[in-house]
Every structure is written in structure tokens, then in C-alpha cells.
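No lab work stands behind these numbers, since they all come straight from the coordinates. Small disclaimer: the values here were computed from a predicted structure and weren't measured. Ideal geometry is used to build each Cβ from the backbone, glycine not excepted, and the neighbour counts take in all protein chains shown.
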């Protein structure tokens, strides 16, 4: 059985962290403004798959590997940062005037597998923050997860996913409403560039913080 005191301590810490703005929430917001709910759901599911992988890496000591091999840690930061910058630049260069009616906006490249595109966007955005394995490890340590049983650790991963899915789904639900979409339609170019800029900022910060030794 999971150790309830440990799971509770972790849940309280994670509840404070979940609403923190970041690439995942930005990705869901953008999808909710430009695609129907089904795409948002697929992206969230793929995003959570990436988060589970990162959480399991933290649970099984991957953070120690990153510390032991600085070049690997640097590579993880740089690759994640480059992806976020790449996506942000694409939003900046996106053609104006694309229709977003009925959830048919092509904020992403036109292809024959739109659901696959949304899923890959969600997964890649989650995985771009793979360096978070170190951060999650610190949360596991602070709440006692690392000294608890494997069952307790897996229960905490489950709590993490439930909280993340709940928050991202709520965020998606808000921005799928007609009012936010009308605002997006009216100020599409400005909003796209703002979201693109935020992705670039997240990406640059990810790289700069690692190069600075944080």
C-alpha cells in the first residue's frame, strides 16, 4: 500500500507547482484557440505520456546520470530549448489569414494526419522539458518519495498526472469557449506573435540557465 503521508506531502507540493505558466500550458492554450476539443484532448494525452516518462526517470535516478554526465545534461537542455525556439519562430512566420473557423486552423503545418500532428506537438512540448527530471527529483526528495516504497513512488506519479491533466483540461476548456476564440480571431496576428515570443523566451531561458550553470 502507498504511504499516505508521503503521497499527501507530495500532492501538496505539486498542487502549488501545477499552475505555474510554462510551455505545456501555453501549448494547450494555443491549441484550444485554434483546434477543436478532440485535438486538445489528444495533445494532452501525448503530453502526459512525456511527463510520465520524465517522472519515471526521476523516480529511478536519472537525475544522477545527468549530474554525472554534464554533456548529457547540456544536450538535453539545448535540444529542448531549440525545439521551443523553433516552434515559437514558426508562429512568428505563420501566414496571416488562415481560417480558424470550426476548429480548422492550421497553426501547425498542413498534413494528412492532423491528430498525429497535435499528438506530436503535445509529446514534443512535454519532452522538451526533459531537464525537469532534476527538478522533479528534488520534489520527490523533499516530500520523502525517494525514501519510500516503489508503490508509493508510482502513486505519486499518478497524483502528478491527475493534477496535470485536470489543470490542462480546465485551461483548454476555458479557451475553447466562444469569447476567447472571438478575441483570438480579432487579434490573431498579435496573439500568434505573443505566443511565439513566449515559446522563444522559454527556449532561450532553458539554454541560458544551463550554460550559466544553474
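Quick look at the values:
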| item | result |
| --- | --- |
| Region 123-177 shape via C-alpha gyration tensor axes, a/c threshold 1.5 | prolate |
| Label-point gap, in nm, between residue 18 and residue 154 - each point 7 angstrom along Cα→Cβ | 2.2 |
| Extension reserve of the residue 74-residue 204 stretch, reckoned as 0.36 nm per residue once the Cα distance is removed | 45.5 nm |
| Relative contact order computed over the chain (Cα-Cα under 8 Å; 6+ residues apart), in percent | 45 |
| Simple label model, 7 Å out from Cα along Cβ direction - residue 161 to residue 174, nm | 2.5 |
| Relative packing of 158-164, 11-17, which averages over residues the other C-beta atoms within 10 Å, highest first | 158-164, 11-17 |
| Sorted by Cβ density within 10 Å, fewest first, the residues 185, 192, 3 | 185, 3, 192 |
| Listed residues 46, 55, 142, most fluctuating in the chain (Gaussian network, C-alpha, under 10 Å) | 142 |
| Tensor-based shape of region 151-214 (alpha-carbon gyration tensor, a/c under 1.5 rounded, otherwise prolate or oblate) | oblate |
| Fewest-first sequence of 73, 193, 177 by Cβ atoms within 10 Å of each Cβ | 177, 193, 73 |
| Inter-label distance, nm, simple model (7 Å from Cα along the C-beta direction), residue 135/residue 116 | 3.1 |
